[in-house]
Amino acid sequence: MRVDIITVVPELLKGPFDHSILKRAQEKGLFEIYVHDLKKFGIGKFNQIDDYQYGGGAGMVLRVEPLFQAITTLQQHRDYDDIIFMTPDAPVLTQSEANKISLYENVMIVCGHYKGIDQRIRDHLITKELSIGDYVLSGGELAAAVLVDAIGRLIPGVLNDGSSALTDSFQDGVLSGPVYTRPAIFNDWAVPDVLVSGHEKKISDWRHEQSLIRTQNIRPDLLENE
Ligand code: ADE
């Protein structure tokens, strides 16, 4: 999969993809991430990218021309499965949406900044809008990094043990239960007996039950549609 990210602050996206699982995914050739600086498409001598909003009000808005140039320039080289705008006024990213996007070949992500982007870009070029939660960040860059991380680890072959992504929280609509590793007893804190029993069926029943208990306690809303 190839991801192209358009941003006003490319520096913010320098670090997140250069470590751990996403770094390995890129080294294995399974994932390509390119960050494009919107200022390169700015207008005039000062590469202007934003302006005051019509009708008045605080906050600058990213102008239509630089975004149009950036998006259509990228489109000249490949077809995109989706052109995604990260914004708080959008449906919240879910695991099932991440699963779907992880099967794409080419994804473009547009990061907003300041007050937002000119609505005409959203109306005419953006094909999907996503929020990462009900809070406002200073720009879409960290949201884009969250989306890229969520989809990158799902690309077939990226995780060494592919089955582990399937047991993540939300993957079957509930939270994951507790996990333990060695030692079996630390101080007087013991790992639940069932996990060291070697009894596969009992272990999987226990895990399922613990998932439901945790979900009921922390996110009962997830069980409402069951
Ligand atoms: N940009 C600013 N806040 C955001 C959010 N919560 N999700 C996605 N993009 C954003």
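Couple of notes before you dig in:
- Between 0 and 90 degrees, the angle of helix 64-75 with respect to the longest Cα principal axis of the chain falls at about 60 degrees.
- Contact order relative to length of segment 2-152, as percent, for alpha carbon pairs under 8 angstrom and 6 or more apart: 30 percent
- Pairs of Lys in the chain closer than 21 Å at Cα, counting only those 8 or more apart or on different chains: 8
- Shape descriptor for segment 167-224: Rg over Rh equals 1.03 (Cα atoms; Rh from the Kirkwood inverse mean 1/r).
- Multiplying each eigenvalue of the alpha-carbon gyration tensor of segment 2-152 by 5 and taking the square root yields semi-axes of 25, 17, 15 Å, largest first, rounded to whole angstroms.
- Electrostatic tally near ARG207: other residues with Cβ closer than 12 Å to its Cβ, Lys and Arg +1, Asp and Glu -1, net -1.
- Here is how the number arises for the chain: DSSP H runs of 4 or more residues each give -39500 (n - 2.57), the sum is divided by the residue count, and the result at 222 nm is -8500 deg cm²/dmol.
Every read-out reported here was derived from the displayed coordinates using simple, explicitly stated rules and does not represent laboratory data. These numbers were taken from a predicted model, which means no experiment stands behind them. FYI the Cβ positions are ideal-geometry reconstructions off the backbone, even for glycines, and counts take in every protein chain you see.
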